[in-house]
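Beneath this line is the structure, given in structure tokens, with notes to follow.
The values are calculated or read from the model by the stated rules, or taken from the named source; none is laboratory data. It should be emphasised that the depicted structure is a prediction, and the values quoted were computed from it without experimental measurement. Virtual Cβ from ideal backbone geometry, glycine too; neighbours counted across all protein chains shown. Accessible surface areas use protein heavy atoms only, side chains included; no ligands, DNA or RNA. Shrake-Rupley method; radii C 1.70, N 1.55, O 1.52, S 1.80 Å.
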Amino acid sequence: MARDQSTRRQLLTATGAATTVALAGCIGSLTGGSGGGGSNEIKYLSDRGDSREIIDQIITEFEDEYDYTVDVTYTSKGTSTDEQLQRMRAAGNPPDIIFDTSADAYRYQRDGKAAQVSDVVQGTGLPDPVNVDGESYFVPTMVEPLMGWYRNDLYPENPTTWETWRTEAQRLTEEEDINGYVVQSGQTNNADTMVTQTLWQNDVNIYDGPADDIQVTIDDDENRQAAVETYEWLQTMSQYAPNGSGWEWGDAIAALQQENAAAAMSVGGLPILTIQANRPDLVEKLSPTAFPVPDGKSQDKWWAYMEGHVVWNDGDATEGARQFVDFFSSSSRFMDFILSAPLFQFPPTREGLDSEAVQNNETIQQHPEVMDLVRDNWDAFTTVLATGRDGAPNIVAADAYGQQLFGQSADQLLVGGRSPEETVDWVASELRGLQG
């Protein structure tokens, strides 16, 4: 990564194809003043460089009202902030705020690194996915549901079911000289989400139990056969796909853009936003879809990233960081931030989703079928964190996502030569290794 040293608010630009994409104590009085550690400089780590213009405007407004300055390190959208976080910690300069997922926030809380932000979240109408013993450790700012895109000029209609997708992908691969589908594998977020959602589509309950006693159930009597069937389907579909080992969001989008694939699973409208800038002629040929389901099954759980702010409790301005994340969420520019990437970022509440700002957005109006999918499936949206019994926070799932174990399982199957049965055994063993 290269750092532009010309401005205080630095932009980190990652190289490679993936660059095209995708938290103790009360807050007290939300007024100016020095923060924890005695510093009035708030260090903020975010992967929303594409929204930096709006973020910087919010920061300017905050700095005009409060006795703090905010120094942002931006990493490229779709790339993890973890590498930069580790660099900052190793240098003794940890951030005060990290923009991250709810699953990562729960891991930070477990490790004693997240400060509570209860006064920012509770009673505001915001979701509260990282609530531990009555205290909140995460301030959600957006949801980003997984979503697929397919070529409507090549697929006569949305295939929807596993069997139809298999038949149509085979037809396109053999007759149209284009891969019919993309199957990602490896230690990447894209592969991990794809495999997890595909297991959910076949009603595989990977986990059970309360937050303090999560059990791995992917290989028990009720789930094992369905999990094996899921890996069998992925194995079959890989015959009609490019080699997606190690692919991240940008790689799958590039396969669509370069017409190397006729369908790929991604996150929200990110493919449209990316392809619009490079191949606007191709955009009208792409239609959104939910993940395929086996015959007779329905969409019950839909992975939606919940991203937002975590206040890091060993930074130098913890109190100021709390004040900033509260200011951010209540800012008059908050919806501008959400809509800086329409179709990719959605408001964290149904009220926000139905707001005039969303309804009147020009890009959203051009793709009503995306909004139909989001509105029709809003109640099915869930995070990988909320996979304990009755939606309890699940630290095993959070850690598994952090290591992309399900993406790795697809590599065990497609690259390592394991059978579907062996793959289920492998991932079950790896998950139990995370139980502690």
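Straight Cα distances below 16 angstrom link LYS301 to the aspartates and glutamates GLU144, ASP192, ASP203, ASP208, ASP376, ASP379, ASP390, with same-chain residues fewer than 8 positions distant left out.
Sparsely packed loop sites in the range 252-350 (the GluC sites (Glu not before Pro) outside DSSP H, G, I, E and B with at most 14 other Cβ atoms within 10 Å) comprise GLU284. From the helices alone, meaning DSSP H stretches of at least four residues, give me the mean residue ellipticity at 222 nm for the chain, per-run term -39500 (n - 2.57), in deg cm²/dmol to the nearest 500. Value at 222 nm, helices only, nearest 500: -11000 deg cm²/dmol. The simple spin-label model puts a point 7 Å past each Cα toward its Cβ; for ASP213 and GLU53 those points are separated by 5.5 nm.
For the chain, the share of alpha carbon pairs falling in successive 20 Å distance bins from zero is 26, 58, 16, 0 percent.
Using only the Cα atoms of the range 72-194, build the gyration tensor, take square roots of its eigenvalues as a ≥ b ≥ c, and label the shape rounded, prolate or oblate: rounded if a/c is under 1.5, else prolate if a/b is larger than b/c, else oblate. Walk me through the numbers on the way to the answer.
Details: a/c = 3.38, a/b = 2.09, b/c = 1.61.
Prolate, because a/c is 1.5 or more and a/b exceeds b/c.
Principal axis analysis of the Cα atoms in the range 321-436 yields extents of 51, 37, 26 Å, listed in decreasing size.
Gap in Å between the Cα centre of the range 103-164 and the Cα centre of the range 176-254? Here the answer is 18 Å between Cα centres.
Using the beta-carbon distance between ALA91 and GLN122 and R0 = 41 Å, what value does 1/(1 + (r/R0)^6) give for FRET efficiency, to the nearest 0.05?
On the way: r = 34 Å, r/R0 = 0.83.
Using R0 = 41 Å, I get an efficiency of 0.75.
Each of THR161 and GLN299 was given a label point 7 Å from its Cα along the Cα-to-Cβ line. The distance between the two points is 1.8 nm.
Spacing of the modelled spin labels on ASP221 and ARG110, each 7 Å from Cα toward Cβ, amounts to 2.9 nm.
Which value, in Å², gives the accessible area per residue of the chain when a 1.4 Å probe is used on the protein heavy atoms? Intermediate results must be reported in sequence, preceding the final value.
Numbers: 16590 Å² over 436 residues.
In whole numbers, the chain has 38 Å² accessible per residue.
Where a ≥ b ≥ c are the square roots of the eigenvalues of the C-alpha gyration tensor, would you call the range 261-388 rounded, which needs a/c under 1.5, or, failing that, prolate if a/b is larger than b/c, or oblate? Taking the square roots of the gyration eigenvalues as a ≥ b ≥ c, the range 261-388 is prolate.
So if we plug the beta-carbon distance of ASP153 and TRP378 into 1/(1 + (r/R0)^6) with R0 = 25 Å, what FRET efficiency do we get, rounded to 0.05? Computed FRET efficiency for ASP153 and TRP378: 0.25.
Taking the protein heavy atoms of the chain in the context of the full set of protein chains, the accessible area attributed to carbon and sulfur is 41 percent at 1.4 Å.
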